[in-house]
Amino acid sequence: MSDRRRVGWAALTALPALALTIVLNVPACAQTAGHAAAPADAAEPPAQVALAKPDASKGIASQTIDKVKQATTKAADIFRRVPCLAPKRSNQAMGSLPHVARKLAENQPVVIIAFGSSSTEGYGSTSPEFTYPNRLAAQLRRKYPTADITVLNRGKGGEDAPEMMKRLKNAVIDEKPDLVIWQVGTNAILRNLDPAATMAQVREGIEQIQAAGSDVVLVDPQYVPAVNQKGENARSMVKMLNNFAGVHRIGIFPRFEVMREWHEEQALAFERFSIADGLHMNDWGYACFAQLLGDDIIRSVGQIKLGVNVPADVLTYRPM
């Protein structure tokens, strides 16, 4: 073997080790009590290379480089995740989000709308990049780099079902979304509104969203001191939202139970996932919420890709 060929082969075989070295030197995300440090994937991720199957026309060197890129992309994604454990006592059954999952599986353009109040808008985050809709968008774009994914934040602080219904058409339905994630109920609890009246408006809104052809996921209130102080009113709202989702076969992300497990089972202080007002989530709380939500959307896409035939009306949605 010539000296030139020996040098070329040595450089090629060093690529995997070099890629791993780069990945392992990604800085870890430091966390502090009260406010989490900026998570690594809060900002828009850099443009990713669209990965293709090995091309027979490429040489061995080019194919090896492609494989290194794939491994590096997958490893780097791990380091962008926050150290967030899945709840153990939540319902493990996973339904489907057939409309949005099928479009993601086929790399078609997707529009997701996050609809709600201040915890959708992102109050308590240290930057718009750290809100849950932006975190969710970053996660899905990393997973599906060739898909055109739009996540619109339609959160408005202080609102609940009465105010949201007034802007449902313009803010949500007119955008023709594939998925609507509707966070509702917290301000109704704080205002001591009748949960039954809230549910009547939620039912009307869900009917309009579904008639427009969108998948739906409801998000119930957060488990934090300001909500917990409302006692029976809070428990009643959470129970009614979850029962409504089960009876009407629509998606539900039981945020109240997820956050209660953070506090009671995983021994996280409220300051670990919420800010000093005892109501709104902090950067870490939004990041973990978005991550669990994104993981389940990705799992639903996986069902479609595997050819799992889930009936379109089976939409019960549980985290992890």
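When region 263-284 is filtered for residues that are surrounded by 17 or more Cβ atoms within 10 Å (Cβ to Cβ) and in contact (Cβ under 8 Å) with a residue 40 or more places away in the chain, the ones remaining, listed by number, are His263, Phe270, Arg272, Ser274, Ile275, Leu279, His280, Met281, Asn282, Asp283, Trp284. Restricting attention to region 244-278, the residues that are within 14 Å of Gly185 (Cα to Cα) and part of a helix (DSSP H, G or I) add up to 4. Can you confirm whether region 210-224 contains a residue that is in a loop (DSSP other than H, G, I, E, B), assigned by TED's automatic domain parsing to the domain that holds Ser300, surrounded by fewer than 19 Cβ atoms within 10 Å (Cβ to Cβ) and without any contact (Cβ under 8 Å) to a residue 12 or more places away in the chain? For region 210-224, residues in a loop (DSSP other than H, G, I, E, B), assigned by TED's automatic domain parsing to the domain that holds Ser300, surrounded by fewer than 19 Cβ atoms within 10 Å (Cβ to Cβ) and without any contact (Cβ under 8 Å) to a residue 12 or more places away in the chain: absent. Among the residues of region 152-180, write down those that are in a loop (DSSP other than H, G, I, E, B) and either touching a strand residue (DSSP E or B) at 6+ places or on another chain (Cβ under 6 Å) or not assigned by TED's automatic domain parsing to the domain that holds Ser119 (or both). Across region 152-180, the qualifying residues are Val172, Pro177, Asp178. Can you tell me which residue in region 104-151 is surrounded by the most Cβ atoms within 10 Å (Cβ to Cβ), limited to those that are polar (S, T, N, Q), in a helix (DSSP H, G or I) and touching a strand residue (DSSP E or B) at 6+ places or on another chain (Cβ under 9 Å)? Filtering first and then ranking leaves Ser119.
Within the option set Glu129, Glu106, being closer than 30 Å to Glu163 by Cβ and in contact with a helix residue (DSSP H, G or I) (Cβ under 9 Å, 6 or more places away or on another chain) holds for one residue only, Glu129.
The values are calculated or read from the model by the stated rules, or taken from the named source; none is laboratory data. Quantities reported herein were computed from a predicted structural model and do not represent experimental measurements. For neighbour counting, all protein chains shown are included, and Cβ atoms are generated from backbone atoms with ideal geometry for every residue, glycine included.
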